[in-house]
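Written below as structure tokens is the structure these notes are about.
The values are calculated or read from the model by the stated rules, or taken from the named source; none is laboratory data. These numbers come from a predicted model, not from an experiment. As a convention, Cβ positions derive from the backbone with ideal geometry for all residues, glycine included, and neighbour counts pool all protein chains shown.
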Amino acid sequence: MGKSAKPSRRLATEAIAHSKNLRVSPRKLNLVAGLIRGQKVGAALQQLNFSKKRIALDVKKCLQSAIANAENNQQLDIDLLVVKEAFVGVSLAMRRFHTRGRGKSAPVVKPFAHLTVVVAEQAKQAPAKTVKESA
């Protein structure tokens with residue numbers, strides 16, 4: 001007999017997707033993840049479509065996976081989804097050496113990163129009432 005599964009710490013209105021071992025430095029990936037944090041998923045996809053960063057394509061795939069998880073696993077409405085969290089983690093770093101002149105060498109570090117995207121369903125907001133100003 002094994003251990004019983006831990007209950008999920010995510011709410012029922014949230015869905016998550018992970019992309020692991022992306023070949024980019026975490027610092028550069030965090031710049032692209034920052035573009036989509038807090039945005040509606042349609043606007044976030046639009047932002048990633050027109051981004052000039054190479055890694056934006058992988059971030060877009062991860063976001064689309066989170067949207068698909070929300071639709072298929074939690075039966076959430078796609079039109080109400082927002083990017084609640086998009087965070088980056090450090091993965092492995094390949095260490096290589098580049099030979100230099102006069103018998104010397106220089107280290108080359110090739111970093112990898114993890115990406116996690118959490119989308120959540122935003123509650124429908126009632127239209128704001130306007131207050132009439134008296135003259």
#### Entry: Every residue from the range 16-29 that is buried (at least 17 other Cβ atoms within 10 Å of the Cβ) and farther than 12 Å from Cys62 by Cβ
Val24, Ser25, Pro26
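Results for (1) part of a helix (DSSP H, G or I); (2) basic (Lys, Arg); (3) in contact with a Ser or Thr (Cβ under 7 Å, 6 or more places away or on another chain), shown as yes or no for each residue.
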| residue | (1), (2), (3) |
| --- | --- |
| Val32 | yes, no, yes |
| Gly42 | yes, no, no |
| Leu45 | yes, no, no |
| Lys52 | no, yes, no |
| Val59 | yes, no, no |
| Cys62 | yes, no, yes |
| Ser65 | yes, no, no |
| Ala68 | yes, no, no |
| Glu71 | yes, no, no |
### Query
Does Ser4 fit the bill of being over 25 Å from Gln125 (Cβ atoms), at pLDDT below 95 and either assigned to a loop (DSSP other than H, G, I, E, B) or out of contact with any helix residue (DSSP H, G or I) (no Cβ under 9 Å at 6 or more places or on another chain) (or both)?
yes
### Query
Counting just the residues of the range 78-108 that are surrounded by fewer than 13 Cβ atoms within 10 Å (Cβ to Cβ) and of a type in the set (D, E, K, R), which one comes out farthest from Ala123 (Cα to Cα)?
Arg102
### Query
Does the range 58-68 contain at least one residue that is charged (D, E, K, R), more than 11 Å from the chain's Cα centre (by Cα) and closer than 21 Å to Glu14 by Cα?
no
### Message
Exactly one of these conditions fails for Ser105: (1) touching a helix residue (DSSP H, G or I) at 6+ places or on another chain (Cβ under 8 Å); (2) over 18 Å from Asn21 (Cα atoms); (3) not β-branched (Val, Ile, Thr). Give me its number.
### Response
(1)
### Message
So Gln75 ticks every box in (1) in a strand (DSSP E or B); (2) polar (S, T, N, Q); (3) over 27 Å from Val108 (Cβ atoms) but one. Which box is left unticked?
### Response
(1)
